[in-house]
Amino acid sequence: MPTNSLNMESSISKYCIIKPNEVIVDGEIQFTNAEESEFGAFMKSVYKNYNINYPKYFKMDNLCKIAFIASEIIMQGNEHIKETDPVKVGVIMQNSHSTIDTDSKYVETIIDKENYFPSPAVFVYTLPNVMIGEICIRNKFQGENTCFISKEFDAEFLTEYVDALMNSGKIDACIAGWADYTESDFSAIMFLVEKNKENKKDNISFKPEFIKRLIE
Amino acid sequence: MDTVFAIADNIITSLGFTSNENFNALKNNISGIKQTTDPKITQVPMYTSIVDSERLTTEFSKIGNVDDYTRLEKLMILSINDVLNQTKINPSQEDTLFIFSSTKGNIDLLENPDHDFDLERINLWALADKVCAFFKSPVRPVFISNACVSGVTAITIAAQYLRSKKYTNVIVCGGDIISEFTPSGFQSFKAVSENPCKPFDASRNGITLGEGAGTILFSTNKELVKDENPVVFRGGANTNDANHISGPSRTGDGLYYAIRNALAEAEKTNKDIDYISGHGTATPYNDEMESKAIAWAELNHVPVNSLKAYWGHTLGAAGIIECIAGIHSIKENVLIKTIGYNEHGVSEQINVIKENKNTEIKNFLKTASGFGGSNAAAYFSELNAD
């Protein structure tokens, strides 16, 4: 939603892009998938590389895994966010294929009536906003949290919506971005967004024109 | 700030194909929940609320080719079409946005490969595109999939768009269908009630699932308003428990924060609430959590109901059709009793509506909670309520 000029701008404190071949953090390629590992092995090597220690990770489905890892990377060095009012920290995500990977796996468990074994541990991951829930649980964030479905990552939409939440006073900080997983492709684009700090010189505005430059 | 008017609405459930049919059933305390043994839905007998398929085909064939659309697309298109027939807006113009809410969309296409639809339609955005194309909308729609709070959140976001003046009209449409996917999942959680659900009751033991669609047209254009004292959206909010992905908070903190923030946006206090349309899924934990949140917000005295024993838990439609029922409670000054509630079964002494009551209702608070730890609240009132 458009905001008027009186409103405070928000800026990107840190961002992370995960693609099948690399992990980019604040514009720098920090980790590459040199061995061209498949998703699970690649994510595990990223998990180890960033010294993430969260046993619940291993229970998550693939969509939650990629979203969670991107969120962990952008939270590193930004622990001050956890000291603010938890209800003022939001998590706003976009996604294209919802939970198609887990949906397909779940359907496998109910399609054959002779071999019928629906599992709550799989079923719970058939909702795309569960990735937001996982990030909220990890960081104790309790603010606005919504999962939008969009064919492609939509920087205009995301920035407008997060700006509107910031300017409404509902949130002061936000994890915002995109995570998508299918059998053939995966990606995450995740930003830590905070209201501009006056004493910080190199604010990168959370605006679509800047974001498009970052993800090119 | 521009006023966000609720202009027109539609509900399609087992109880009927219009808001009036549905609300009349509610006023007569008629439930649409029935037992099914359809093997395409459940492997054991189960209570659920299903839209009449024959009528769906008949009604849809009046406006489109039944074979071109999935069950959910037909429900959504019919629901939106009924709303448009009540007004003079033109959805093919740039000033009208569509916002959708659904948890599983066309999930039946994945379960039953024996169909002629392009598998792309399993994508929620493709479902939205199909519905928007029917109405020749030139605007890229917004799609929300936030578990059981999707509908309430969709409404709050519609209001944000209208207040930003980006659009004059927003059509919010939510829906989900019953196939085997969702029932089997809730059954695996042991969360489905053996009998029709009993919200807030001592013997409640799970949910009853339902299907349906609901649509509300919101607008800032006063000329569309027909009522002398129309119902307007005042405020909404959404929070997370940050506690568990499939179980509600034990304390009700997340839902309490959502109520607090929604009232703050509406510039109202807990003294300004005539009625709470609760979530009331009838799982032991959900209803207990809700009672705690309501008590925390000091709303114990306010009449509260759950409509889940009328049309089941309709997931992506629930927040929308229950807000529509709230709007009609304001218009008709009637509170609907909570079917299934006999013996108080939550720890806080909240005021669960036991019998229908004709009384002046100027406003209501809608609440919802769901998987992923989400909570949402929205506040509506008459334009001249203050």
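Summary table below
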quantity	calculated
Test: residue in the range B:39-56 that is of a type in the set (Asp, Glu), touching a Leu at 6+ places or on another chain (Cβ under 8 Å) and closer than 19 Å to B:Ala317 by Cβ	no
Where A:Asn145 falls short, out of the listed (1) within 26 Å of A:Phe206 (Cα to Cα); (2) more than 9 Å from chain B (Cβ to nearest Cβ); (3) in contact with a helix residue (DSSP H, G or I) (Cβ under 8 Å, 6 or more places away or on another chain)	(2)
Residues (crowded, with 22+ Cβ neighbours inside 10 Å and at the interface with another protein chain (Cβ under 7 Å from one of its Cβ atoms)) located in the range B:242-257	B:Ala242, B:Ile245, B:Gly254, B:Tyr257
Test: residue in the range A:181-190 that is in contact (Cβ under 8 Å) with a residue 40 or more places away in the chain and at positive phi	no
Subset tally (residues that are buried (at least 24 other Cβ atoms within 10 Å of the Cβ), at the interface with chain B (Cβ under 7 Å from one of its Cβ atoms) and part of a helix (DSSP H, G or I)) for the range A:125-142	5
Answer residue from the range B:7-61, given it is of a type in the set (Ser, Thr, Tyr) and part of a loop (DSSP other than H, G, I, E, B) and is nearest to B:Ile321 (Cα to Cα) among those	B:Thr18
Verdict on B:Thr3 being touching a Leu at 6+ places or on another chain (Cβ under 9 Å), under 25 Å from A:Val107 (Cα atoms) and not charged (D, E, K, R)	no
Any hit, the range A:159-168, residues being hydrophobic (A, V, I, L, M, F, W, C) and facing another protein chain (nearest Cβ under 7 Å)	yes
Residues of the range A:80-124 satisfying the condition of being facing chain B (nearest Cβ under 10 Å), in a helix (DSSP H, G or I) and of a type in the set (A, V, I, L, M, F, W, C)	A:Val87, A:Ile100, A:Val107, A:Ile110, A:Ile111, A:Ala121, A:Val122, A:Phe123
Filter pass, B:Val192 being over 20 Å from B:Gly373 (Cα atoms), within 14 Å of chain A (Cβ to nearest Cβ) and buried (at least 22 other Cβ atoms within 10 Å of the Cβ)	no
Filter pass, A:Phe153 being surrounded by 18 or more Cβ atoms within 10 Å (Cβ to Cβ), more than 7 Å from chain B (Cβ to nearest Cβ) and over 19 Å from B:Gly316 (Cβ atoms)	yes
Verdict on B:Ser374 being within 14 Å of chain A (Cβ to nearest Cβ) and buried (at least 24 other Cβ atoms within 10 Å of the Cβ)	yes
Test: residue in the range B:245-265 that is at pLDDT 95 or above, among the acidic types (Asp, Glu) and more than 23 Å from B:Glu21 (Cα to Cα)	yes
Qualifying residue in the range A:101-124 (condition: acidic (Asp, Glu), crowded, with 17+ Cβ neighbours inside 10 Å and at negative phi)	yes
Number of positions in the range B:84-108 that are of a type in the set (A, V, I, L, M, F, W, C) and more than 19 Å from B:Phe143 (Cα to Cα)	2
Selection count, the range A:184-216, where residues are modelled with pLDDT under 95 and closer than 20 Å to A:Val130 by Cα	0
From B:Thr269, B:Thr281, residue being in a loop (DSSP other than H, G, I, E, B) and touching a Cys at 6+ places or on another chain (Cβ under 9 Å)	B:Thr281
Count of the range A:101-134 residues which are in contact with a Cys (Cβ under 7 Å, 6 or more places away or on another chain) and charged (D, E, K, R)	1
From B:Val302, B:Val231, residue being surrounded by fewer than 24 Cβ atoms within 10 Å (Cβ to Cβ) and either more than 26 Å from A:Val91 (Cα to Cα) or not assigned by TED's automatic domain parsing to the domain that holds B:Ser79 (or both)	B:Val302
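The values are calculated or read from the model by the stated rules, or taken from the named source; none is laboratory data. Predicted model, so just to flag it, every value in this text is computed and none were measured. Please note: Cβ atoms are built from the backbone with ideal geometry, for glycine as well, and neighbour counts cover all protein chains shown.
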